[in-house]
1. Residues of the stretch 113-142 with backbone nitrogen within less than 19 Å of a virtual label 7 Å along the Cα-to-Cβ line of H11, please, listed as ranges.
2. Given the Cα-Cα distance of M164 and K436 and 0.36 nm per residue of separation, how much length would full extension add, in nm?
3. Any chance you could run the full-extension gain for D359 through R446? It's 0.36 nm times the residue separation minus the Cα-Cα distance, nm to one decimal.
4. Starting from the 7 Å offset along Cα-to-Cβ, what nm value, one decimal, do you get for the label separation of R453 and D81?
5. Taking 0.36 nm per intervening residue step and subtracting the Cα-Cα distance, what contour gain separates E43 from Q428 on full extension?
6. Using R₀ = 22 Å, calculate the FRET efficiency as 1/(1 + (r/R₀)^6) where r is the Cβ-Cβ separation of K348 and V317; round to 0.05.
7. Placing +1 at every Lys and Arg Cβ and -1 at every Asp and Glu Cβ, with all other atoms neutral, what dipole size does the stretch 342-419 have around its Cα centre, in debye to the nearest 20?
8. With each label point set 7 Å from Cα along the Cα-Cβ vector, what nm distance links S215 and D66?
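The values are calculated or read from the model by the stated rules, or taken from the named source; none is laboratory data. Computed from a predicted structure; not experimentally measured. Glycine also receives a Cβ, built like all others from the backbone with ideal geometry; neighbour counts cover every protein chain displayed. Keep in mind that these areas ignore ligands, DNA and RNA; they rest on the heavy atoms of the full protein, side chains included. Shrake-Rupley method; radii C 1.70, N 1.55, O 1.52, S 1.80 Å.
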Amino acid sequence: MHFLIAPNYAHPYDQRMVRGLANALSVAGHPAYALPAPLHDHEIVTMCQTLDIDVLMQVNRFRPMDPPLPPTVRHIAWFQDVFPETGANLRGCVQDSDIVYALGDPAVLGLTTELPCHVGSLITGVDEAVLNSKADPVGERIDFSLCGFIPGHITTAPSVKTDMLWYLDTLLARAPFLGKSRIFWLFRRALFRKRLPVDHVPYAMLNAFQGIVESLYRPLRGELDIHSLSAAMLMTAKPFLNAEPPSVERRKSRRRQGRFGMLLRPYSTSAGSMQIKTHRILGHLIAVATDEPEKLSGTNASIAYFAREYPRLLDRVALITEVLSVARSLKLSLELYGPGWDTHEPFKPYYKGILETQDELLTVYRRTRVNLANNTHGLGLHSRTLECMAVGGFIFTHASPHDTKPGGMHTSFEPGIHYGMFTPENLQEEVRRWIKDGAQRVKMGRCAAGVIRQKHLWRHRALQILEDLQG
C-alpha cells in the first residue's frame with residue numbers, strides 16, 4: 001500500500017509527527033509520503049491520483065468530498081484536536097471503509113457521534129533515534145520547566161462605543177420588513193463598515209462566557225468536556241431563542257430589565273438592583289446575534305475559544321502559579337518555553353523563548369529536574385510526555401478520571417514508578433517532594449524510557465494502522 005499523510009499545520013511539530021509516521025510505514029514495507037503542509041481538497045485528490053495512493057491520512061480532517069477521492073483510496077482521519085462543532089452531522093463525511101482515530105479515547109475528546117466506520121485511538125510515537133540518543137545535558141541544570149503553548153486572553157478590549165454601535169446595528173437588522181432587505185443590508189454595511197467589525201462580540205457576552213467556564217471547569221483535573229461547556233453557553237439562551245411570543249408578564253419583565261442596560265451592565269462599577277443575571281445577558285445577546293450569519297460566526301468563534309482554549313489557559317496559570325510559589329520559597333529556577341508566555345506579565349521573567357528544533361527541546365528535557373505537564377482532557381500520552389520520557393526526563397503531571405482510558409497515563413505508566421503525579425490539592429507538597437529526591441527521579445526516568453522502547457515508537461503506530469486497515 002502507498003500512503004499519503006498530511007499534517008494539520010505547516011509547523012515543525014506537525015511536520016515531524018507525519019514524517020515520523022511515514023518513515024515507520026516505509027520501513028514496514030509500505031511507501032509513505034509526508035506532506036510539509038495541508039492542501040486544499042482538489043490539490044490532495046490530484047496528488048492521490050498522480051502518486052497512485054492507496055491510503056490518505058489527514059490530521060484533524062475527514063475525507064475530501066468536493067471533489068471526492070478516487071473510489072480505490074481509503075481515508076484515515078486522525079483527530080488530535082476537537083472543536084465545539086466537531087461531532088455534528090458527521091455521517092456524510094465518512095464511508096464504511098474509513099478509519100477515524102482520536103489522540104486518545106474518542107469519547108473523552110468529544111468524538112461521540114456513532115459512525116459507520118472503524119473508530120479508535122492512535123496516540124503519537126517517538127522516533128527511535130531519540131530513544132538511542134545519549135547526549136549529556138548542556139548548560140546549567142533547570143529545576144522546573146514547562147515546554148508548551150499558553151493561550152492569550154481574548155483580544156477584544158472593552159469598548160462601550162463599539163458595543164453601542166453593535167446594538168444599534170442589531171436594532172436596524174430587526175426592523176420589520178426592512179431588516180431582511182438586501183438594499184437595507186447594504187445601507188447598514190455602509191453606515192457601520194468602518195466603525196464595527198462584522199464579527200464583533202459584545203463585552204457583555206464575553207463576560208458571560210468567561211463566567212460560565214470559570215464556574216463549570218475545574219483546572220488541573222483532566223476532565224474537560226468542550227461540548228458540555230459550549231452547550232452550557234448556548235443553553236443559557238434557550239428561553240430567548242424560542243420563537244413563541246413571550247407572555248405579557250414576561251414582556252413587562254424585559255422592559256423593566258432594559259436590553260440596552262444588559263449590554264452596558266459590564267461597564268458599570270455599581271451593583272445592587274441594576275445587576276443583571278449572566279444568563280439573561282447571554283440569552284438576549286445570542287438571540288439578537290443569531291439574526292445574522294456574521295454575528296453568529298463571531299459568537300461561535302468566542303464559544304470555541306472559551307470552551308477549548310480558555311481551560312488550557314486556566315490550567316497553565318494554575319500550574320505555574322503554584323510551582324512558582326515553591327520555586328521562590330526554595331530559591332529554585334523556573335524556565336518557560338513556547339508561544340504565549342511573554343504575553344502574561346507574571347510569567348515574563350521566566351520566559352526563555354521558543355524552541356525551534358527537536359534537539360533544543362530534548363536538551364531542555366534532559367537539563368530539567370522536574371518537567372511540568374498538564375492535559376485538559378486528562379489524556380497525558382502526547383508527544384511532549386513521550387519524548388521527555390524517551391530521554392530519561394522526569395514528568396510531573398496531574399491525576400485524571402481518564403487515566404485508565406486509551407491515551408491515559410495509567411495505560412502504560414504507573415505514578416511513583418515512571419512519573420510523578422499530583423492533584424490540585426497536593427501540588428505544592430508533591431513538587432517539594434520530587435525536587436528533593438534526585439536519585440528516585442533518575443531511576444523513574446530510566447524505567448519510563450524502557451516502556452517507550454517496548455510500546456511507544458513510531459513503528460508501533462505503523463503496525464497498528466496496518467492491522468486496522470486489514471481488519
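1. Zone members listed by number: 123-127.
2. On the way: separation 272, 0.36 × 272 = 97.92 nm, distance 5.68 nm.
Going from the current span to full extension adds 92.2 nm.
3. Numbers: separation 87, 0.36 × 87 = 31.32 nm, distance 1.93 nm.
Using 0.36 nm per residue and subtracting the Cα-Cα distance, I get 29.4 nm.
4. The modelled label-to-label distance comes out at 3.5 nm.
5. Numbers: separation 385, 0.36 × 385 = 138.60 nm, distance 5.16 nm.
Computed gain between E43 and Q428 is 133.4 nm.
6. Values: r = 13 Å, r/R0 = 0.61.
E(calc), rounded to 0.05, equals 0.95.
7. Details: 7 positive and 8 negative charges, 34 e Å.
About 160 debye.
8. Here the modelled spin labels are 4.0 nm apart.
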